[in-house]
Amino acid sequence: MAHEVIHKTAAPAVAPNLADYDRARASFDWQQARDGLAGLPDGKGVNIAHEAVDRHVAEGRGDRTALRCVGRDDRVRPVTYAGLARRSARFANVLRGLGVGRGDRVFTLLGRCPELYETALGTLKNTSVLCPLFSAFGPEPVRQRMRLGGARVLVTTGELYRRKVAGIRQELPGLEHVLLVGPEDEPPPGTSSYEELTDAAPQDFTIPPTDGEDTALLHFTSGTTGTPKGAVHVHGAVAAHRATAAFALDLHPDDVFWCTADPGWVTGTSYGIVAPLALGATVVVDEGDFDARRWYRILADEHVTVWYTAPTAVRMLMRATPRQGPHDLPRGYDLSRLRFVASVGEPLNPEAVLWGRDVLGLPVHDNWWQTETGCIMIANFAACDIRPGSMGRPLPGVEAAVLECGEDGRALVAGGRVTVLERPDADGELALRPGWPSMFRGYLDDEARTAACFADGWYLTGDLARRDADGYFWFVGRADDVIKSAGHLIGPFEVESALMEHPAVAEAGVIGRPDEVAGTVVKAFVSLRPGVEPGPGLQRELLAFARRRLGPAVAPREIAFDQNLPRTRSGKVVRRLLRARELGLPEGDVSTLEGTP
């Protein structure tokens, strides 16, 4: 199977951390990553917050800028490592004063603000467990996660508390303390001021002994098709956060790093807080919402060198700045310091990779991982060729394989054994050999769901993929998204990517629709670019275009035009809602959609 390749020919401005992929894979082991940690003084273990802030202060780098917080009004507030160490120590003392200790769950319901970082690191210093929530969740997802997680403390704002928590608080009897960030003329009953407590707390805090296997983080999956699952992560995971940021994002200590992910999701914690701070980089924190001009301005004004964002964000920028044309929008900003761009969160279509190359002067490097893996597993690296559309190759220390699937579309387990597909370009379930430090330690209070993730010494990801002859992995789809049509397994991402190559198409969502003959046929919902009119002629043109690109067995049989595709607030098309609306099924949780109050 032939794929376009972007060859790395020009000498990079900064020597890559991973210059020789094959040599790194042959020589690296995770003990090397663990050896790079400072560890708590006097051999008292490893604590994420110590690695992220206190070690830098102890090693004489406290005056370096840790955060550059860009407010909604564009004012920039810099925070040094020493300042962040002091503020997080104060919050740790707040928790201690409230009687909150080791293993107690501290939830955050905050946007990207300095207090989030203080809370996160102070919680970890106190050996309590950080449980971040997406601030766009509605009351029901908040209630579910806080109840399942046994919330004892919540840090949020007055506005979010009134809208999303006050009405359900009686259903959370374990929630003893609610700390509100920001001024309050009339604080709601049963709440305290975050600032008053933190400002009054001592700024010296000694982190208690922390074992690398002590629980540090509890990340909940989206829960769109069942009860949310709480993935448990430990303090020793910081070794993997640090190493993978260096390998997959080519992050160096003197970089200015911007991760646009919301802090309520695992990317916003692993690579928005832990990894860059553990490496000593400067982290850009933007309190504002997506706006193409604002983002280009931040990249320029904050001198961002490494940028980690989502494919949906890239595609929104593509709409504002077409690949063909004068590229006037980005040319109005000095992006010369930007040297590496990466994305994660969903597959990155080839057109987006090429757009980065043509418009930004840098290809977008896709990578893949999950909440359960805790860190990046497969990536396109700074010094390696890119195959647009590919997830990349496994990181040093990561063993990945494609497993044969059964009738249900998941890995076939027979007699406790699985079959690894050695031949190139065979579709199957992506699996990983356990052993990296940030691997989740299980789902909270759910042994059965945890056990179902493993078979024959492999972690089963639930994603379908193929591996080519050169070891690059290609995403096919989630096992529960894959369409079975006339004996073929069709990944919706492949169809969506092909449609988005057509100049009329801005976005696409693909589902399987029941059919008496084929069992299921592929149906595509297409959003058109501005100025393009829908009609039967364009419908026929897109169907023919897809058949030429994909072949008749994979191409959609039907195309519907829809300028209001259901999206998350980050812009991701929600296939399950397209399917539910097409088939008249319950829509489930819609609290994270665009336009949802």
- Item | DSSP bridge pairs, the range 200-315: antiparallel proportion in percent, nearest 5 | 45
- Per residue of the range 209-218, in order, report the coupling 6.51 cos²θ - 1.76 cosθ + 1.60 (Karplus, θ = phi - 60°) as ³J(HN,Hα) in whole Hz, putting x for Gly and Pro. x, 10, 7, x, 8, 5, 5, 10, 10, 10
- Karplus (6.51, -1.76, 1.60) ³J(HN,Hα), θ = phi - 60°, over the range 521-538, in Hz, Gly and Pro reported as x: 10, 7, 10, 10, 10, 10, 9, 9, 5, x, x, 9, 9, x, x, x, x, 5
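What's the local net charge at Thr198, with K and R +1, D and E -1, over the other residues with C-beta under 11 Å away?
Value of the local net charge: -2.
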- Rounded if a/c is under 1.5, else prolate if a/b beats b/c, else oblate: with a ≥ b ≥ c from the C-alpha gyration tensor eigenvalues square-rooted, which is the range 129-236? oblate
- Query: How about the range 79-179: which trypsin sites (Lys or Arg not before Pro) there lie in a loop by DSSP and see at most 14 other Cβ atoms within 10 Å?
  - Reply: Arg102
- Message: Sequence gap at least 6, Cα distance under 8 Å: using those rules, report the relative contact order of the range 483-583 to the nearest whole percent.
- Response: 28
- Item | Glu541/Arg337 FRET efficiency (R0 45 Å; Cβ-Cβ; nearest 0.05) | 0.60
- Which FRET efficiency value, to the nearest 0.05, is calculated for Arg549 and Asp254 with the Förster distance at 41 angstrom and r the Cβ-Cβ distance? 0.40
- Extension length gain for Asp35 and Arg72 (0.36 nm per residue less Cα distance), in nm, is 9.3 nm
- Task: List every residue whose amide H lies under 5 Å from the amide H of Ser193, counting only residues 5 or more places away in sequence or on a different chain, with H placed 1.01 Å from N in the peptide plane.
- Result: Leu180
- Message: Under 5 Å between amide hydrogens, which residues at least 5 positions from Asp286 or on another chain qualify, with H placed 1.01 Å from N in the peptide plane?
- Response: Val70
- For Leu362, which sequence-distant residues (separation of 5 or more, or a different chain) have an amide H within less than 5 Å of its own amide H, given hydrogens modelled in the peptide plane? Arg357
- Message: Per residue, how big is the convex hull of the range 232-308 when only Cα atoms are used? Give it in Å³.
- Response: 83
- Note on the structure: When the charge dipole of the chain is computed with +1 at the Cβ of Lys and Arg and -1 at the Cβ of Asp and Glu, the Cα pointing farthest to the positive end, of Tyr161, Gly99, Val57, is that of Tyr161
- the range 483-583: translational diffusion in µm²/s, Stokes-Einstein, Kirkwood Rh over Cα pairs, 4 °C, 1.567 mPa s: 95
- Message: What distance in nm lies between label points placed 7 Å from Cα along the C-beta direction at Val532 and Val413?
- Response: 4.4
- Item | Answer label, with Cα extents along the principal axes in Å calculated from the coordinates and candidates (1) 84, 65, 45; (2) 116, 71, 42; (3) 69, 61, 54 | (3)
- Item | Helix-derived mean residue ellipticity, 222 nm - over the chain, DSSP H n ≥ 4, -39500 (n - 2.57), to 500 | -7000 deg cm²/dmol
- FRET efficiency, Asp204 to Glu176 (Cβ-Cβ, R0 22 Å, nearest 0.05): 0.30
- What shape does the range 36-289 take by its C-alpha gyration tensor, where a ≥ b ≥ c are the square roots of the eigenvalues and a/c under 1.5 counts as rounded, a/b above b/c as prolate, and the rest as oblate? rounded
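Just add up the charged neighbours of Tyr459: K/R +1, D/E -1, any other residue whose Cβ is under 14 Å from the Cβ of Tyr459.
Every neighbour counted, the sum reads -1.
Quick one: dipole size for the range 343-487, taken about the Cα centre, charges +1 on Lys/Arg Cβ and -1 on Asp/Glu Cβ, in debye to the nearest 20. Mind showing how you got there, number by number?
Details: 13 positive and 23 negative charges, 55 e Å.
Its charge dipole is roughly 260 debye.
Read-outs throughout are calculated quantities, based only on the coordinates presented, and are distinct from any laboratory measurement. This one's a predicted model, so the numbers in the text were calculated from it and none came from an experiment. Methodologically, a virtual Cβ is constructed for each residue, glycine included, from the backbone with ideal geometry; neighbour enumeration extends over all protein chains shown.
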